Every structure is written in structure tokens, then in C-alpha cells.
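The values are calculated or read from the model by the stated rules, or taken from the named source; none is laboratory data. All of these numbers come straight from a predicted model, not from anything done at the bench. Cβ placement follows ideal geometry from the backbone for every residue including glycine, while neighbour counts extend to all protein chains displayed. To get the accessible areas, we keep the full protein, side chains included, count just its heavy atoms, and leave off ligands, DNA and RNA. Shrake-Rupley method; radii C 1.70, N 1.55, O 1.52, S 1.80 Å.
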Amino acid sequence: MSCKTSSSARIFVDLLRPTRRRTNCDCIHTRYLNSKVPRQARHVSTAAPQQSEMEVDSDRLPRWATTPAGMKAPVRTRPERPTIKINTDQRKLDDVYVNFLGRDGHKLLSEETKWLAVTSKSFDHGRRGFNDRLAFFGKRIVELQCSLGLLSVSDSTYFLRSGDQDPHDRKPFRHPAIEAVECLSGGAHDYFTHHKAISNLATQYGLPEVVRWHPRFPDRLEASGADLVYSQAVFAIIGALALEQGGAVANRIAKERVLIPMGMKRNWTPKVAAPESSSSSS
């Protein structure tokens, strides 16, 4: 009887004892999400967040007008040197293009290209773009038109130097088709493409007033290479015209606005006509 009583008492005590319930994984995950975890305010970099390629900043100035922010140093290592006054007036630039290219000349190029063509590498350390490649292309066009113009002259003796004449007064073979070939190796071709002559022409059109560059000696522009800078701007404008308007427009400007004002007043047509076919002659 005592055994039955002890066993029943033990069962009763076990029923009264609290049982440990195993928590489910879902409850733990929900409890973790509901809990507020404090965030640590830690900044690895103080740089401003960059915009993605798809975002467009309407207030951003064009590259020719200001130096890109990513190309500026936080501290300037060298003191600023005195320089000449740089043109920032769009209307003044358009007037120079009209003087150089003729009526509506300011409409032949885009706004960015017009500023790029008159910008030298020395300006703002080249961070706003410069006209070296345009000038290289434009000079090739002027040289080609100069060669074609010298080959079409009627009297080649006008463009030959005195040293090019034969000292023994010998008479070489002459033909109308090759009469002006000697001009290409003489001083005429060098004169029409020399930077000094092109610079004088650029001064007549007013390009020095809008060319952007930083001379080494602001009080001595010629010693700083002003002739090279001004002639490079002329070549760059012609190269830009070839890229945006085509070769026909660039060739016309090179002849009418560069070579002819320098003294090459020719008709630019071959002197020897093409031979007629046998059918037409018969």
C-alpha cells in the first residue's frame, strides 16, 4: 500500500514540475528581427557620393568653362603665376569666328569645339582639353592645299628662290605638267605653312584676343611662343571643320581664308587638260 502511495505521489510531483519548452527557430528569427540593433556611425571615407552614369546633373558646367573637380588637387604646391587676361565671353569668340570663317561662321562648329580649338595645352595644365590633335589634322589639310595650289601656278619662277636657279644657266626639260614641281621643294611651301606667317594672319582675324593659353613670360608673349600658339589655333579650327562639316568645307576655308590672303591668288585648276578619247577626236 505504501508503494502505491509513493508512486502516485511521485507522479503528482512530476505533473506539478514546470517543463522546459524548446523554442522554435522561427521564433528566434522573428525575435531577432523585431529587436532594435543600434547602428554604429562609422564613416570610412569623407568623399561625397558619386553619381551614377545614368544620373544627369543639369547644373554642371561644361568642361571648357571650369576645371573638372576630380582633377583638382586639395592643396596647391606651387604659387600662382601672373598671366594674361583670358577671354570668357561667348559673343566675343563668335565674332572672331565670323571674321575668320565668314558670315555665320560661328554656326559651323559646336560650342564645345569652338572653345577647344582656341585652347592651348598650357592653359589650366590641359585639364579642360587642348587643340593639339585638331591642329595636327588641320595642318595636314593646309599643307595639301598648299601643294595643290603651287602645282597649279602659271609661272613657277615667282615662287622659286634665287638659290634654286641653276648656277650654270642650264636649261632642264620643261613640261607644263611638271613646271611647278620645283616650288614644292623651294621656299614657297615653307612660307605658306610657317608658323610665323600663319600667326600674322591669325592676328588680322583677331584670334590672339580669344586664344586661351598661359605664357611663360606674360610681358614677353613672343618669347613665350605666341606665334606657335596662334598658328596652332588656326590649324585647329580647320581640323575641327573637317571633322564636323566635312573635308569640302575645310578645304575651302584653307584656300579662301588662309592661303589666298597670304598671296596665293590662283584658280586652283589643273593647267593641263585631260587628253580626249580617240572616239571624240575621230
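Structure notes:
- Distance between modelled label sites at N200 and R63, nm, 7 Å Cα→Cβ extension: 3.7 nm
- Chain lengthening between E111 and D89 when straightened (0.36 nm per residue, less Cα-Cα): 6.7 nm
- Counting 0.36 nm for each residue step from Q245 to F136 and taking away their Cα separation leaves a gain of 37.5 nm.
- Here segment 67-141 exposes an accessible surface that is 52 percent carbon and sulfur, computed with a 1.4 Å probe and the other protein chains kept in place.
- Placing a label point 7 Å from the Cα of R81 along the Cα-to-Cβ line, the residues of segment 118-142 whose backbone N sits under 12 Å from it are 122-125.
- Extended-chain gain in nm, criterion 0.36 nm per residue less alpha-carbon gap, E143 and Y191: 16.2 nm
- Local electrostatic count, V211, Cβ distance below 13 Å [Lys/Arg +1, Asp/Glu -1]: +3
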